[in-house]
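Inspection log for the structure reproduced underneath, given as structure tokens.
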Amino acid sequence: MLEIVVMIMVAHAFGVGVLLAWLVVAAIVGGLMLRHHKMAVAWSLFDDLRAGRVKTSSLFWVARYYISAVLLLLPGIIGDVVALIMLLPWPGGGRSNGGNGPGPRVPEGVIEGDYRRIDPKVGPDRQLGD
């Protein structure tokens, strides 16, 4: 009921065309979120599971993402605003991979990364160890 009242108020304030455009764009965005990012979110959760770093914040991020997508699909301004708020990064939460959220604490002065050792090329007149 409140959702209908808010939509009528928005239609009076901005016009019916703006309201319809908002609802159509929100539905398209929600559909695209479910369609294109479904597997990406599932695989990131699977990677967290495999790495042994699944936290409640990772699970909460997946739940927030899917609930937001469904709220954007449903017509209504209040649901869309709630969905957008749920997609914002929350302090102390979020994904734990890819730098998108808090991960394990690294001691000061430690630089994490992958490395590969490349031995210098040795000419035919030199031997290793010279």
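The values are calculated or read from the model by the stated rules, or taken from the named source; none is laboratory data. Remember, predicted model here, so these are calculated numbers, not experimental data. We place every Cβ from the backbone using ideal geometry, glycine too, and count neighbours over all the protein chains shown.
Right, Ala26: over 15 Å from Asp80 (Cα atoms) and either surrounded by 10 or more Cβ atoms within 10 Å (Cβ to Cβ) or touching a Lys or Arg at 6+ places or on another chain (Cβ under 6 Å) (or both) or not? In short, no. Restricting the search to helices (runs of 4 or more DSSP H) fully inside the range 1-93 and requiring at least 1 residues that are under 17 Å from the mean Cα position of the chain (by Cα) gives 16-36, 38-51, 56-73, 77-87. Within the range 66-76, track down each residue that is surrounded by 17 or more Cβ atoms within 10 Å (Cβ to Cβ), aliphatic (A, V, I, L, M) and within 15 Å of Val24 (Cβ to Cβ). Passing the criteria: Leu72, Leu73.
Consider Arg95 carefully, then state whether it is surrounded by 15 or more Cβ atoms within 10 Å (Cβ to Cβ), at pLDDT below 90, farther than 30 Å from Val6 by Cα and not polar (S, T, N, Q). So that I can check it myself, show each step before the final result.
Working: surrounded by 15 or more Cβ atoms within 10 Å (Cβ to Cβ): yes; at pLDDT below 90: yes; farther than 30 Å from Val6 by Cα: yes; not polar (S, T, N, Q): yes.
Yes, satisfied.
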